[in-house]
Amino acid sequence: MKLRFWGVRGSFAMCGREVLRYGGNTTSIELVAASGTRLLIDLGTGATELAKLLMQGEFGRGQGELPILLSHTHLDHIQGLPFFTPFFVKGNRIRIVGADPPGLSLQATLQNQLAPHYSPLNGLENLAAGVSIDTIVPGSTFTLGEFEVETALVPHGNMWTTAFRVTADGKVVTFLSDVEYPEPEAPLPEALHLARHADLLIHDAMHSDDDYQLRRGWGHSPARAAISVAEKAAVRRLALFHHSPDATDAMIDETVWRARAETKIELFAAAEGSYLEV
Ligand SMILES: [Zn+2]
């Protein structure tokens, strides 16, 4: 399985010279199975960059098919939706899969995002592509094409997010972003279960330790929480993810340097545009 990070920034998109290396777009991760079929995790602003590539191929001709997993509907995870060009081409078939947010259906939440006071698209029904929105119950396991997906609910501030364990070609990628455990170094059993022996764990590492003192309870983790999950679940590699909009490239380098001193697990900071063979 191949993976490409299209957006790695948390909370809101950033620009400027100091974030050029790790990138400023928000969450979007493309997984590609050996056969070439794709699965996208989240529709942050990074998805608009992937869209340009997709439009050069079958999606530009209205022959593309793409399943998209949504972890939750906070803006930084869905802001790319109104600008994801494969939605505008008739014939494309795009399936959005995620849990209902508290108090509202997933369908209604995404429909609101395209309401006229937010977007000129004026509703999901105006997207030319065939778009389906499938609600899942976190904790369930299902298949999307060649990808087997196991899910769990994890705490994210005053709500929660869906974490994913995706298996294809015998390899496992676990996505645990936008998560905060009651104690950073005591990850919840459901997180450890999803991450068990993963080939790659992508984990929230938004806060420096100083930042975490200020922002505890807001739903994000320091790098030591990511390391704790990685060690306890015995993963092969760890990608620190959901970089703070305040974190410059130099600050992220320092986080990686400190984290590497704390563990023997192979780790790196996710960088926009980078490819991995999982
Ligand atoms: Zn986020």
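Give the number of residues within region 5-34 that are surrounded by fewer than 20 Cβ atoms within 10 Å (Cβ to Cβ), charged (D, E, K, R) and touching a residue at least 60 places away in the same chain (Cβ under 8 Å).
Matching residues across region 5-34 total 2.
Residues of region 71-88 being more than 16 Å from G10 (Cβ to Cβ) and within 16 Å of the ligand (Cβ to nearest atom), which ones?
Across region 71-88, the qualifying residue is only L81.
For G44, work out the one condition from (1) assigned to a loop (DSSP other than H, G, I, E, B); (2) away from the ligand (no atom under 16 Å from the Cβ) it doesn't fulfil.
(2)
In region 197-231, which residues are free of Cβ contacts under 8 Å to residues at least 60 places away in the same chain, on the phi < 0 side of the Ramachandran plot and surrounded by fewer than 16 Cβ atoms within 10 Å (Cβ to Cβ)?
Listed by number, the residues that qualify are D209, D210, Q213, L214, R216.
Only residues that are under 16 Å from I29 (Cα atoms), assigned to a helix (DSSP H, G or I) and of a type in the set (V, I, T): list them for region 75-109, please.
Residue satisfying the conditions is I78 alone.
Rundown of residues vs (1) within 24 Å of S140 (Cβ to Cβ); (2) part of a strand (DSSP E or B); (3) away from the ligand (no atom under 16 Å from the Cβ), yes/no style:
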{"site": "V173", "(1), (2), (3)": "yes, yes, yes"}
{"site": "E180", "(1), (2), (3)": "yes, no, no"}
{"site": "E190", "(1), (2), (3)": "yes, no, yes"}
{"site": "H193", "(1), (2), (3)": "yes, no, yes"}
{"site": "H197", "(1), (2), (3)": "yes, no, yes"}
{"site": "H203", "(1), (2), (3)": "yes, yes, no"}
{"site": "R224", "(1), (2), (3)": "no, no, yes"}
{"site": "E231", "(1), (2), (3)": "no, no, yes"}
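Mind listing just one residue for me: the one in region 233-259 that is more than 27 Å from L50 (Cβ to Cβ) and surrounded by 15 or more Cβ atoms within 10 Å (Cβ to Cβ) and, of those, nearest to the chain's Cα centre (by Cα)?
Per the criteria, the residue is A233.
Laboratory data are not the source of any read-out in this text; all were calculated from the coordinates shown. Everything quoted here is computed from the prediction, not taken from an experiment. Cβ atoms come from the backbone with ideal geometry, glycine included; neighbour counts cover every protein chain shown.
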